[in-house]
Amino acid sequence: MSKTRARTAAQKRRDKRKARQATITLAGGLKAPQRPTGRDRRHTNQQEDDPMQTAIQARMRHTGLTADRARLDMAGCAVGRRLLTDRISDAEDLWQAVRHLRSVIITYDRAVRAPNRHAQCLRIMAPTDTMHADASSPPPDERTPEERDRQAVTAYMALQGWLSHADGAARSACLRHVVDEPDEPVRDWSGIVLALRCVSDGIKGQKLQWRGRG
């Protein structure tokens with residue numbers, strides 16, 4: 001047998017072995033992927049080590065952010081990315097206002113049984129590891145459902161009071177881009193910043209001042 005024919009036969013044997021190893025048969029005849037080995041496992045592990053890599057690369061391409069900045073939570077929405085790229089002096093305070101605004105409105109929506117504003121992730125995306133609490137975990141919420149609902153409404157009304165210190169267009173732009181359409185290209189950026197500064201004042205307990213335009 002020539003060397004060429006020998007290599008071909010050996011390659012066929014390797015191909016058959018890979019095909020057998022590619023899947024395993026479970027009870028009931030179901031097929032499942034076989035665990036990769038060798039170089040395949042190393043390649044797979046490199047991809048799984050950083051599941052956010054694709055999103056990070058996209059953020060870097062579209063915004064010019066460095067890899068470290070593209071990993072930040074702030075880079076996950078249009079308003080946050082604008083805060084990063086504009087390098088506003090109080091960007092961190094404004095981001096806290098974004099997070100507070102979203103939390104309050106989502107909690108309020110649940111309290112009044114409003115429909116979800118956004119599509120929900122599939123259950124298969126939830127972690128499968130055993131959940132546990134440690135010293136860093138938040139304390140259990142021992143409020144009754146009625147207490148949670150009342151406090152959600154109170155927080156929502158306070159938020160609306162803070163936002164009333166910005167003009168109507170600024171409030172609308174802020175709510176639209178922070179809550180309703182977080183991935184939509186930002187419009188009326190100056191108005192959003194004004195409204196977020198009103199929320200930031202409220203969070204800090206500072207005296208509220210009119211920040212509206214006109």
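The values are calculated or read from the model by the stated rules, or taken from the named source; none is laboratory data. Every value quoted in this text rests on a predicted model; they were computed, and no experiment measured them. With ideal geometry, Cβ positions are generated from the backbone for all residues, glycine too; neighbour counts draw on all protein chains shown. The accessibility values were calculated without ligands, DNA or RNA, using every heavy atom of the protein model including side chains. Shrake-Rupley method; radii C 1.70, N 1.55, O 1.52, S 1.80 Å.
For residues that are part of a helix (DSSP H, G or I) and among the charged types (D, E, K, R), scanning just the stretch 87-108, find the one that is surrounded by the fewest Cβ atoms within 10 Å (Cβ to Cβ). Spell out the reasoning first.
Of all residues in the stretch 87-108, those part of a helix (DSSP H, G or I) come to 91-108.
The next check asks that each one be among the charged types (D, E, K, R); those that pass are 92-93, 99, 102.
Values: 92: 12, 93: 17, 99: 15, 102: 15.
Top of the filtered list is 92.
Provide a single number: the residues in the stretch 64-86 that are modelled with pLDDT under 80 and either assigned to a helix (DSSP H, G or I) or open to solvent by 60 Å² or more (accessible area, probe 1.4 Å) (or both).
First, pick out the residues of the stretch 64-86 that are modelled with pLDDT under 80: 64-72.
Still in the list and also either assigned to a helix (DSSP H, G or I) or open to solvent by 60 Å² or more (accessible area, probe 1.4 Å) (or both): 64, 66-72.
Selection size over the stretch 64-86: 8.
Consider residue 114 carefully, then state whether it is within 29 Å of residue 204 (Cα to Cα), surrounded by fewer than 13 Cβ atoms within 10 Å (Cβ to Cβ) and either among the aliphatic types (A, V, I, L, M) or at pLDDT 75 or above (or both).
Working: within 29 Å of residue 204 (Cα to Cα): yes; surrounded by fewer than 13 Cβ atoms within 10 Å (Cβ to Cβ): yes; either among the aliphatic types (A, V, I, L, M) or at pLDDT 75 or above (or both): yes.
It is true that residue 114 is within 29 Å of residue 204 (Cα to Cα), surrounded by fewer than 13 Cβ atoms within 10 Å (Cβ to Cβ) and either among the aliphatic types (A, V, I, L, M) or at pLDDT 75 or above (or both).
Please enumerate the residues belonging to the stretch 161-214 that are touching a helix residue (DSSP H, G or I) at 6+ places or on another chain (Cβ under 7 Å) and closer than 19 Å to residue 117 by Cα.
171, 173, 174, 177, 178, 179, 182, 183, 184, 185, 186
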